[in-house]
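Nothing in this text is a laboratory measurement; each read-out follows from the coordinates by a stated rule. None of the values given here were measured: they were computed from a predicted structure. Positions of Cβ are backbone-derived with ideal geometry, glycine not excepted, and every protein chain shown enters the neighbour counts.
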Amino acid sequence: MTEIEKNDVIQQSQQEETADVAELSQCLERLAQKEEELKAAQERILRLAAEFENFKKRMEREKAEHIKYALESFVVELLPFLDNLERAIAAAKDTRDIDKLVEGLELSLSSYSRVLEAFGLKCLVAQGLPFDPSMHDAICTEHSDEHEEGVVVRELVKGYALNDKVIRPAKVTVCKKNVEQNVEK
């Protein structure tokens, strides 16, 4: 190999080495830049996680507060009923007029029922209807020729539903036909 060729090879090698060093330098700069971006992203994630935890805690506090005072409007609506009962008792002590006492109690019961209905409470009708175990609780049976078998003859305790969900089934007496009558038919 001639001296010129050797110089060309050396020069080419140096150029390649310089290019490699420049490329390595660029790679190191990009790596440093990406590490900064990663660090910033990790910090954002930590901040978001902390904010989310704070949000969850705040929601729990607000939920507990809501539950604590959820019945407030309901209770406020019932206070006049208590006032009316207290007035009825005081009036009954003063006058001893049973008719007025009954009238006052009926008015109080009526207003009480309206308040409960406004909050979604409904009285279940049972008497005269077929027995339904989802709405009625059969306490006893009664033999009757006036009613079909399985029909509610008497309502002993009223049943109630809150927003279409039975919260207390009606306690009822259900008609049962005599065994002899069933055999004859």
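In segment 161-178, how many are surrounded by 16 or more Cβ atoms within 10 Å (Cβ to Cβ) and of a type outside the set (Lys, Arg)?
Within segment 161-178, residues that are surrounded by 16 or more Cβ atoms within 10 Å (Cβ to Cβ) and of a type outside the set (Lys, Arg) number 8.
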Near pairs, Cβ below 9 angstrom, 6+ apart or cross-chain, from segment 92-109 (more than 15 Å from Phe81 (Cα to Cα)) to any residue that is assigned to a helix (DSSP H, G or I) and among the aromatic types (Phe, Trp, Tyr)
none
Pairs needed: first member in segment 59-79, closer than 17 Å to Leu121 by Cα; second member anywhere, not in a helix (DSSP H, G or I); C-beta distance under 9 Å; at least 6 residues apart or different chains.
Ser73/Phe119; Phe74/Phe119; Glu77/Phe119
Suppose we filter Leu101, Leu85, Leu107 for residues that are buried (at least 16 other Cβ atoms within 10 Å of the Cβ), in a helix (DSSP H, G or I) and more than 29 Å from the chain's Cα centre (by Cα); which single one remains?
Leu101
Hits in segment 129-149 - residues which are surrounded by 15 or more Cβ atoms within 10 Å (Cβ to Cβ) and either in contact (Cβ under 8 Å) with a residue 12 or more places away in the chain or more than 25 Å from Glu117 (Cβ to Cβ) (or both)
Leu129, Phe131, Met135, His136, Asp137, Ala138, Thr141, Ser144, His147, Glu149
With respect to Gly120, determine if the residue is surrounded by fewer than 16 Cβ atoms within 10 Å (Cβ to Cβ) and in contact with a Pro (Cβ under 6 Å, 6 or more places away or on another chain).
no
Which of the residues that make up segment 148-162 are in a strand (DSSP E or B) and of a type in the set (Lys, Arg)?
Arg154
When you scan segment 156-175, do you find a residue that is among the aliphatic types (A, V, I, L, M) and either within 23 Å of Leu79 (Cβ to Cβ) or in contact with a helix residue (DSSP H, G or I) (Cβ under 9 Å, 6 or more places away or on another chain) (or both), even just one?
yes
Within segment 125-147, which residues are assigned to a loop (DSSP other than H, G, I, E, B) and β-branched (Val, Ile, Thr)?
Val125
